[in-house]
Amino acid sequence: MNILKTFWRRLKSPSKVAAGVVLFMGFMGGLLFWGAFNTGMEATNSEEFCSGCHAPIVKEIRETIHFSNRSGVRAICSDCHVPHNWTDKIVRKVQASKELVAFAMGTISTEEKFKERRSYLANREWHRMKENDSQECRNCHNFDYMDFSEQGPRSAQQHSTALASGEKTCVDCHKGIAHKLPDMQNVEGWQ
């Protein structure tokens, strides 16, 4: 009976060691959660993951300057479609979760179905990029670092005008730079 009283007394006022063990275990649990969460986030940024639903698009990019070029710099899906800033990345991942649901429901499960929805998907993505001032493009391409003298006359004029006006963003002129342009005739609000 005396041992039981001692045990309950210890539970009422935990020792510093017990408190330390609980805090340490909580810290380790937090680290494990963060590591698993971050690993999952990075796995969904891979080309292999993207091609699970967007195989026609992933095949298509292999024919563009963003996949193979003289400098050897290569962009993958997440470089252009997932913000680099952590907070914005989380928001985009939550938005993209409905794409997984659509794929699971069979909305874009075949190449034919994907082609039917492609113009809608492209328009939605262009709108998103317009709203965020083509931030994903600007992670690699920045007016401040462009050497207009190395560009063709038309490009130099367009870029310097866009820089001066501040009204245009990359996606205004560069739709179709990494993907073929979809048929936009049947898309509401297409300009």
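The values are calculated or read from the model by the stated rules, or taken from the named source; none is laboratory data. Computed from a prediction, not measured in an experiment: that's the story for all the values here. FYI the Cβ positions are ideal-geometry reconstructions off the backbone, even for glycines, and counts take in every protein chain you see. Heavy atoms of the whole protein, side chains included, go into the accessibility calculation; ligands, DNA and RNA do not. Shrake-Rupley method; radii C 1.70, N 1.55, O 1.52, S 1.80 Å.
Couple of notes before you dig in:
- The residue that is nearest to the chain's Cα centre (by Cα), counting only those in the stretch 65-96 that are among the hydroxyl-bearing types (Ser, Thr, Tyr) and modelled with pLDDT of 85 or more, is Ser78.
- Whichever residue in the stretch 142-170 is out of contact with any His (no Cβ under 9 Å at 6 or more places or on another chain) and in a loop (DSSP other than H, G, I, E, B) and, among such residues, is least open to solvent (accessible area, probe 1.4 Å): Thr169
- Residue among Val82, Val73 that alone is out of contact with any strand residue (DSSP E or B) (no Cβ under 6 Å at 6 or more places or on another chain) and open to solvent by 50 Å² or more (accessible area, probe 1.4 Å): Val73
- Condition check for Glu131: open to solvent by 80 Å² or more (accessible area, probe 1.4 Å), of a type outside the set (Gly, Ala, Ser), over 26 Å from Gly40 (Cβ atoms) and under 24 Å from the mean Cα position of the chain (by Cα): yes
- Taken over the stretch 110-121, the criterion of being open to solvent by 60 Å² or more (accessible area, probe 1.4 Å) and touching a helix residue (DSSP H, G or I) at 6+ places or on another chain (Cβ under 8 Å) is satisfied by Glu111, Lys115.
- Selection status of Leu100, open to solvent by 60 Å² or more (accessible area, probe 1.4 Å), farther than 23 Å from Thr44 by Cβ and of a type in the set (A, V, I, L, M): no
- Single unsatisfied condition, Cys53 versus (1) at pLDDT 85 or above; (2) surrounded by 10 or more Cβ atoms within 10 Å (Cβ to Cβ): (1)
- Any hit, the stretch 95-107, residues being farther than 29 Å from Gln135 by Cα and assigned to a loop (DSSP other than H, G, I, E, B): yes
- Considering residues of the stretch 4-43 that are at pLDDT below 75 and of a type in the set (Lys, Arg) only, the residue surrounded by the fewest Cβ atoms within 10 Å (Cβ to Cβ): Lys12
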